[in-house]
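Undergrad: Sending over a structure as structure tokens; questions will come in a sec.
What follows is calculated from the coordinates using simple rules that are stated; it is not laboratory data. What you see is a predicted model; the values in this text were computed from it and never measured. No Cβ is skipped: glycine too gets one built from the backbone with ideal geometry, and neighbour counts run over all protein chains shown.
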Amino acid sequence: MATAAQNRRGIIAMLAAMTLFCCNDALMKLAREVFPVGQALALRTIFAVVASLALVVFMDDWRKLPLGLRPMVLARACVEALCALTFIWALGLLPLANITAIVMASPLLIVLLAVLLRIESVGWRRALALTVGFIGVLIVMRPSADGFNAAALVALTGAGFVAIRDLTTRFVGSDVPSTVVSLTATVTVGLLASGMGALETWQSPWRIELAYIAAAAVLVTGGGLSVITAFRNTDVGVVAGYRYSVVPIAVLIGWLVWGETPDAISYAGIALIVGSGLYTLHRQRTRPDSQLKPEGDKPL
């Protein structure tokens, strides 16, 4: 059981991580106004690999780099690449708050996948929370008579890939450092982006947006380190819920940078997603038979 001071440190680290991740998203959204998705990801990978390698050395994990070639680590990296591809593509077309809220449905999708794969069984409470959460997603996506917005569907697909990634992470051996897992994913994202870039018309990188991408790479690496700090020697069930702080942060950044303000209906959908997600995390934490306790509550 963590002390109050350790939990406070974990909460502060989680809030820092969500702020860094959201600032990364904002910078990538600005870069996407100029660069196609493949080029934007490929350029970020160049800087992110350098930052990730520095983090591996800093954490003294460089001797364990070969563990990144394990099949489960590589499988997770491939799913991570699909997460990045779908998210960055949709990011160029959707308001930051909306896409962030849709992706925050991933904990609900994890439960759904676990039920389908017979990893987890759910009672009526979590079944109701799942239903409420997905109603919230539909409200945020706002289907029209012509159907769903394509970018919103891609964002929801990205949320599905996030769920698969996080579920896959549970099967990565605990002897593989998080820094190695992260570096493997970063390289894989770059490879996929470069392949996609062959189908795009690349723009000259020598512009201010390149600085945005470089800063984004540093921020996303710092965010990863902050998440590790948040879950180290803390009560994970307490800290994990603060992931949802990314939603109000995204709303604030969207308003400051682009003047985007979700309407009342979107706010209602966001509230349903966040509320159902927090309740789902709570039930997974308190149910002794749950196989989906927040990462860190039990060994992988």
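Undergrad: For the range 49-152, give the magnitude of the charge dipole about the Cα centre (Cβ charges: +1 Lys/Arg, -1 Asp/Glu; no others), in debye to the nearest 20.
TA: Working: 8 positive and 5 negative charges, 57 e Å.
Approximately 280 debye in magnitude.
Undergrad: Taking the highest mean first, how do the peptides 239-247, 134-142 order by number of other beta carbon atoms within 10 angstrom per residue? Can you show the working numbers first?
TA: On the way: 239-247: 21.7, 134-142: 20.0.
Top to bottom by mean Cβ count within 10 Å: 239-247, 134-142.
Undergrad: Continuing with this model, one more query. Let me know the charge dipole size of the chain about its Cα centre in debye, to the nearest 20, where only the beta-carbon of Lys, Arg (+1) and Asp, Glu (-1) is charged.
TA: Dipole of the chain, to the nearest 20 debye: 700 debye.
Undergrad: Where does each of Asp25, Asp166, Asp175 land when they are ranked from fewest to most other beta-carbon atoms within 10 angstrom? Don't skip to the end; give the middle numbers.
TA: Working: Asp25 25, Asp166 19, Asp175 10.
Fewest-to-most ranking of Asp25, Asp166, Asp175: Asp175, Asp166, Asp25.
Undergrad: I've got another one for you. What is the sum of charges around Thr186, taking Lys and Arg as +1, Asp and Glu as -1, for the other residues whose C-beta is under 11 Å from the C-beta of Thr186? Display every interim value, and only then the final one.
TA: Numbers: positive: Arg44; negative: Glu80.
Value of the local net charge: 0.
Undergrad: Once Lys and Arg get +1 and Asp and Glu get -1 on their Cβ, which of Leu20, Pro107, Val122 lies farthest toward the positive end of the dipole of the range 4-286?
TA: Going by the charge dipole, the pick is Val122.
Undergrad: Taking 8 Å as the Cα distance limit and 6 or more residues as the minimum spacing, I'd like the relative contact order of the chain as a percentage.
TA: 41
Undergrad: Something else now. Determine the calculated [θ] at 222 nm for the chain from helices alone, applying -39500 (n - 2.57) to every DSSP H run no shorter than 4 residues and normalising by the residue count; nearest 500 deg cm²/dmol.
TA: On the way: 12 runs with 211 residues, N = 300.
Estimated from H runs of four or more residues: -23500 deg cm²/dmol.
Undergrad: Quick one: what are the phi-derived ³J(HN,Hα) couplings along the range 45-60, Karplus 6.51/-1.76/1.60 with θ = phi - 60°, whole Hz, x for glycine and proline?
TA: Rounded to whole hertz, the list is 4, 4, 6, 5, 5, 4, 5, 5, 5, 4, 5, 4, 5, 4, 7, 6.
Undergrad: Treating the beta-carbon of each Lys and Arg as +1 and of each Asp and Glu as -1, no other charges, what is the dipole magnitude of the range 1-101 about its Cα centre, to the nearest 20 debye?
TA: Numbers: 9 positive and 5 negative charges, 42 e Å.
For the range 1-101, the charge dipole is close to 200 debye.
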